[in-house]
Amino acid sequence: MSLVESPLLSIRNFYKKYGDGCLFCTTDSESENPYMDGNRCLECGTVWACRNLNFDLYQGEILGIVGESGSGKSTLVKSLFFNEEPTYGEMYLASYRDGEQNVFDCSHQTKRYLQNHELGMVDQNPYHGLRMDYSSGGNIAEKLIAADYSHVGQMVERAEELLEKVEIPVARMNEPPRKFSGGMQQRVQISKALANRPPLLLLGEITTGLDLSVQARVLDLIRTIQQELKVSMIVISHDLGVIRMLTDRTLVLNQGRIVENGLTDQIMEDPQHAYTQLLVHSLL
Amino acid sequence: MKTAQEHNQSYNYAFLDEPSKREIRRKTLKAVAIPGYQVPFASRELPIARGWGTGGLQLTLSLIGDDDCVKVIDQGSDDSVNAVSIRNLVQETTNVSVTTQTEAATIIQSRHRIPEVPLTPEQVLVLQVPKPEPLRNVESSEKRTRIQHGEKNYNAMWLELYEDIVKWDHALFDADYPVMVHGRYLMAPSPIPRWDTPKLHQSSFLTLLGAGREKKIYAVPPYTDVEPLQFDDYPFQVESFNSKACTRCGSTDVFLEENTDETNGEVHYQCSDTAYCNKVLDEKGGR
Amino acid sequence: MLKVEGLYKRFSISNGKTIAPIQDLHFSLEPSTSIGIAGPSGIGKSSILKCLHRTYLCTQGNIWYDSMLYGWINLAEASERQIIEIRTYEVSYVSQFLRVIPRVSCLDIVAGELFPMIENMEAARIQAKDILQRLGIPEKLWTLYPATFSGGEKQRINLAKSLIKKPRLLLLDEPTASLDENMKEKVVELLLEMKKEGTAMIGVFHDWETMDVIVDHVLDMTPSTASQ
């Protein structure tokens, strides 16, 4: 164990704006900008969804990103999965060109390749992450196909293995997710995301809208997967309870900025920033 | 016989005006340069309705010159109304020679078939295309299919194939079987039967595909890889006729059409390529 | 192996006030020895443990720890990743409350702690069974979820989670508070055994009896005597 380990994923100077921006809001400074109302420019109406985000993710860890709606966390996770383009910013993946190439600068084809091979994503809404009218096995196969599997037999086998892991009866493999409950759909999504064993999994608000008992199973599943497969994960949530259960380190996002980052238990028990204190004290 | 100068003078040579032909040729060159890529073009009005072969016809008209000899077929037949009309239009406005013999033609415009006789490097095959976008069945948005081509993201199509196999144990794509061209673009080869698909792979001739209604031109240059989508354990297969023979000429290794005699319910098989059928009969001295 | 120098901890609470439970604290700890923190309740005994564990960020001062992984390292300034590694392999904190993922059996909760070191769940479960047995958790509870356990049982699950990893430094926050005499004895026996094997301990104990048996030095936090 050396003192310096290199991250699996690095994000530097990440900005995302919705709108054109103007002289009043483009000059970024941490200090209070009188022309801004939170992350919205009063002069031109531009919303700065993410402002100067910098963080690293290491091999085998679960990083939590917590913040309320509008904090910029969904924008961030969409950009990490290349579903949104950042306004500016750098993203480095250890598995791509030794982590020396800013992948935000790469071609769409390269981004698609990385998305297919290096990443897995579980969307808050299963309707975004799954094809509801295709079979559940087919949904898993789609990820495998994307990662260059070309043998139907092997894909069926892998899909069976994964569905078993997430406790969906293999007999229901040919049924479309539309017929499943929300919790089951979420588990199909997780198996799809994991199908080709990507080193990095992005989980966005995955327990929102699930019953408490189902939530617990999904959380347990994620923890088990992380322990067994050593996948690195980024867990996005507004729910500190979920973050506390799953993560070692946490970033707190507020109005597009990281206002605090630290060990999850430290954030929960000794929050430094006023906003984090508010969040923690709002916890049931 | 009239010379080329003697064609119907009411129209420009080959019906289209020169700038139009030039545009189509330019788009054709682009299509050849990027095998399998659908090049948008300004599809012109013609005296036949869009959807009746206007894409192929515009390609033919833009390419044609005095020395050419044209063959037009519709589902293998030289004698269908559509084939005859197109052939007449070409001849009327250019006065080039026309033929039904595959070997004699320099330009072969076809709907839904590639002739049985192997084509040569001197020949150009022009295919009429109703639906140029292979992804349309799995993605209705043109904007998104363009992005998918750009990113070489054909997962949706492969998934369709996977689902067919899991459900039915074979691919349901029949004619117009999707192919990868030069390992880059997914292409709809027009509704040719699977039987004809392998003829496009590393072919010695140039294939041009035109969709008049959808305003797209694309191409398979000679000696280009054209590979049908297939999984390792479910290889692509052409139609099988279980060693049935053409009732007319007796050929067995050709694409056959099934006809039912309505009076007695008997099933007959006949060559789809009528010119080939006639040729075999002639060689046997049977006509 | 542990040297605390000039440690301060201040909390800002609402309306601009601050409280400072730890002020200019100094002490050191050797392997196979233990320190007990004494003082009236609310004085900040747990805060010291939490600063050592980095659950609290200390306001000022150094916490030098001679780690296996990194050599001498200042826990007050080490990176989060280093702290996570040290927590995984070397330093363990036994809190008064059990907080775990719902609907995981108590056996798997304890076995799961070994995951960074042992890949095989079955092998981890064998060790987990052993420690649960030693802490007197009846076998019929092993497959159950701890949410419904009694306070004493939860406390022992917490201990099992920490002790199974055989940490070099153990931070004990009232580890025997809700145990009956019999169980307390078992725990004390186990702790003494670990201490003999080299584990250093620093703890807050709710009763003098346990403190007397385990502790070598007392750190008295009673106001105006807040040094050793």
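The values are calculated or read from the model by the stated rules, or taken from the named source; none is laboratory data. It should be emphasised that the depicted structure is a prediction, and the values quoted were computed from it without experimental measurement. Reconstructed Cβ throughout: ideal geometry from the backbone, glycine too, with neighbour counts over all protein chains shown.
Of note:
- Hey, B:GLU103 acidic (Asp, Glu), assigned to a helix (DSSP H, G or I) and surrounded by fewer than 18 Cβ atoms within 10 Å (Cβ to Cβ) or not: yes
- Entirely in region B:2-96, the helices (runs of 4 or more DSSP H) that have 1 or more residues that are among the basic types (Lys, Arg), within 25 Å of B:ARG184 (Cβ to Cβ) and in contact (Cβ under 8 Å) with a residue 40 or more places away in the chain: B:18-33
- Remark: pairs (first residue in region C:102-117, free of Cβ contacts under 8 Å to residues at least 40 places away in the same chain; second residue part of a loop (DSSP other than H, G, I, E, B) and crowded, with 16+ Cβ neighbours inside 10 Å; Cβ separation under 6 Å; 6+ apart in sequence or on different chains) = C:LEU107/C:TRP142.
- Candidate set from region A:38-78 (those that are of a type in the set (Gly, Ala, Ser), touching a strand residue (DSSP E or B) at 6+ places or on another chain (Cβ under 7 Å) and more than 17 Å from A:GLY21 (Cβ to Cβ)); member that is surrounded by the fewest Cβ atoms within 10 Å (Cβ to Cβ): A:GLY60
- Taking first residues from region B:109-121 that are hydroxyl-bearing (Ser, Thr, Tyr) and partners that are part of a loop (DSSP other than H, G, I, E, B) and buried (at least 20 other Cβ atoms within 10 Å of the Cβ), the Cβ contacts under 7 Å between residues at least 6 apart in sequence or on separate chains come to B:THR120/B:PHE205.
- Condition met for C:ALA123 (among the small types (Gly, Ala, Ser), buried (at least 22 other Cβ atoms within 10 Å of the Cβ) and either assigned to a helix (DSSP H, G or I) or touching a residue at least 24 places away in the same chain (Cβ under 8 Å) (or both)): no
- Test: residue in region C:137-158 that is touching a Leu at 6+ places or on another chain (Cβ under 7 Å), buried (at least 16 other Cβ atoms within 10 Å of the Cβ) and within 25 Å of C:LEU75 (Cα to Cα): yes
Per-residue answers, yes or no, for (1) acidic (Asp, Glu); (2) in the same structural domain as B:PHE205 (by TED's automatic domain parsing); (3) farther than 20 Å from B:MET187 by Cβ:
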residue: B:GLN58; (1), (2), (3): no, yes, no
residue: B:ASP66; (1), (2), (3): yes, yes, yes
residue: B:VAL96; (1), (2), (3): no, yes, yes
residue: B:GLU103; (1), (2), (3): yes, yes, yes
residue: B:ARG111; (1), (2), (3): no, yes, no
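- Residue match in region B:117-137 (condition: within 14 Å of chain A (Cβ to nearest Cβ) and in contact with an Asp or Glu (Cβ under 9 Å, 6 or more places away or on another chain)): yes
- All positions within region B:15-31 that are under 21 Å from the mean Cα position of the chain (by Cα) and aliphatic (A, V, I, L, M): B:ILE24, B:LEU29, B:ALA31
- Screening B:ILE86, B:ILE108, B:ILE73, B:ILE147 for residues that are surrounded by fewer than 19 Cβ atoms within 10 Å (Cβ to Cβ), among the β-branched types (Val, Ile, Thr) and closer than 22 Å to B:GLU214 by Cα leaves exactly one candidate, B:ILE147.
- Answer from B:GLY76, B:GLY51 - the residue that is within 23 Å of B:GLN270 (Cα to Cα) and of a type in the set (Gly, Ala, Ser): B:GLY76
Every residue, every condition in (1) crowded, with 16+ Cβ neighbours inside 10 Å; (2) of a type in the set (Phe, Trp, Tyr), yes or no:
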| residue | (1), (2) |
| --- | --- |
| B:SER204 | no, no |
| B:ALA211 | yes, no |
| B:LYS215 | yes, no |
| B:TYR218 | yes, yes |
| B:VAL226 | yes, no |
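- Flag if A:SER6 is within 14 Å of chain C (Cβ to nearest Cβ), closer than 30 Å to C:PHE115 by Cβ and surrounded by fewer than 17 Cβ atoms within 10 Å (Cβ to Cβ): yes
- Residues of region B:250-277 that are farther than 20 Å from B:VAL238 by Cβ and over 21 Å from the mean Cα position of the chain (by Cα): B:GLY250, B:ASN259, B:THR260, B:ASP261, B:GLU262, B:THR263, B:ASN264, B:GLY265, B:GLU266, B:VAL267, B:HIS268.
- Failed item in (1) over 19 Å from C:TYR93 (Cα atoms); (2) within 16 Å of the chain's Cα centre (by Cα), with C:GLY44 passing the rest: (1)
A quick yes/no check of all residues on (1) within 25 Å of A:LYS192 (Cα to Cα); (2) in contact (Cβ under 8 Å) with a residue 60 or more places away in the chain; (3) touching a helix residue (DSSP H, G or I) at 6+ places or on another chain (Cβ under 9 Å):
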site	(1), (2), (3)
B:ASN137	yes, no, yes
B:GLU142	no, no, no
B:GLY150	yes, no, yes
B:LEU159	yes, no, yes
B:ASP164	yes, no, no
B:ASP169	yes, no, no
B:ASP174	no, no, yes
B:MET180	no, yes, no
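- Scanning region A:108-130 for residues that are in contact with a Pro (Cβ under 8 Å, 6 or more places away or on another chain) and either more than 18 Å from A:ILE168 (Cα to Cα) or within 13 Å of another protein chain (Cβ to nearest Cβ) (or both) yields A:HIS117, A:GLU118, A:LEU119, A:GLY120, A:LEU130.
- Residues being outside any strand (DSSP E or B), more than 14 Å from chain A (Cβ to nearest Cβ) and crowded, with 17+ Cβ neighbours inside 10 Å are entirely absent from region C:46-58.
- Put simply, of A:GLY99, A:GLY70 the only residue that is more than 14 Å from every other protein chain (Cβ to nearest Cβ), small (Gly, Ala, Ser), more than 23 Å from A:ALA193 (Cα to Cα) and more than 11 Å from the chain's Cα centre (by Cα) is A:GLY70.
- Residue match in region B:222-231 (condition: on the phi > 0 side of the Ramachandran plot and either in the same structural domain as B:GLY56 (by TED's automatic domain parsing) or in a loop (DSSP other than H, G, I, E, B) (or both)): yes
Per-residue answers, yes or no, for (1) outside any helix (DSSP H, G or I); (2) within 10 Å of another protein chain (Cβ to nearest Cβ); (3) under 30 Å from C:LEU141 (Cβ atoms):
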{"position": "C:ILE43", "(1), (2), (3)": "yes, no, no"}
{"position": "C:TRP64", "(1), (2), (3)": "yes, no, no"}
{"position": "C:ALA76", "(1), (2), (3)": "yes, no, no"}
{"position": "C:GLU85", "(1), (2), (3)": "no, yes, no"}
{"position": "C:MET117", "(1), (2), (3)": "yes, no, yes"}
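- Residue match in region A:270-277 (condition: in a loop (DSSP other than H, G, I, E, B) and in contact (Cβ under 8 Å) with a residue 60 or more places away in the chain): no
- Residue among A:GLU90, A:GLU68, A:GLU43 that is part of a loop (DSSP other than H, G, I, E, B), of a type in the set (Asp, Glu) and farther than 30 Å from A:ARG178 by Cα: A:GLU43
- Flag set for B:GLU239, criterion: under 30 Å from B:TYR185 (Cα atoms) and surrounded by fewer than 14 Cβ atoms within 10 Å (Cβ to Cβ).
- Restricting attention to region A:139-161, the residues that are surrounded by fewer than 24 Cβ atoms within 10 Å (Cβ to Cβ), within 13 Å of A:LYS192 (Cβ to Cβ) and small (Gly, Ala, Ser) total 2.
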